Amino acid sequence: LKNGDWWRIFTGQFIFSGFWNLFMGFILYYTIVIEEEYIMGSVDFTLRWIKLSIVLNLIVWGFAACFMSGRPLDYPTFVYSPIDGALPMMACDLAINTLRNPKSPIDICCPGMTAQKWHFWVLALAIMYLCTISDVMYAISFTAGTLVGVLFHYRVLFFLRTSECTINFCERMWPRVAGFRPSPMLRKKLGLPPVG
């Protein structure tokens, strides 16, 4: 956060800082995040994304600052780089979805299906390997994203859940966003079949 660029804490989730980051982000989005958004609704999913990304960026920045405080040579390139929130937010959603439905089948981007619990670990190992050989910041970001997802699933970060009242208000304020992927409450009002 060079020169007091605190705004990066709120914008880090929109950053793709390299080809592998973008590539893995697309894989995670098309295998996991679309399903999450469909189940939750666009409004609830977006609000959760923003809240968890802020927590995640604070964790990544805090860990980077603590980890590198004793290494002045590496400190500027590590801590002053943009907070890399795009890939870890995908990892966060992957962890939440996998822990909620560990036995449900999912495509693995090749012929065949596997249970989500195995998809998560195979993908996690692949991304950790790619991150480690390219940049340690990727590995830390991905690990932090997974940690935030696990904490959210086990209700440690329960206070970040969005209330039904807030979701209803936002869906009334932004009907176009709400209509893209309606929440379960809005689906019931519109007479649409429930998801899942």
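The values are calculated or read from the model by the stated rules, or taken from the named source; none is laboratory data. Given the structure is predicted, the values throughout are model-derived calculations rather than measurements. Note that each Cβ is placed from the backbone with ideal geometry, even for glycine, and that neighbours are counted across all protein chains shown.
Selection of region 145-195 for residues being surrounded by 19 or more Cβ atoms within 10 Å (Cβ to Cβ), assigned to a helix (DSSP H, G or I) and modelled with pLDDT under 80 yields A178, L186. Scanning region 41-58 for residues that are at pLDDT below 80 and surrounded by fewer than 20 Cβ atoms within 10 Å (Cβ to Cβ) returns a single hit, L58. Cβ separations smaller than 9 Å between residues 6+ apart or across chains give no pair from region 41-62 residues that are touching a residue at least 40 places away in the same chain (Cβ under 8 Å) and farther than 21 Å from E164 by Cα to residues that are polar (S, T, N, Q) and not in a helix (DSSP H, G or I).
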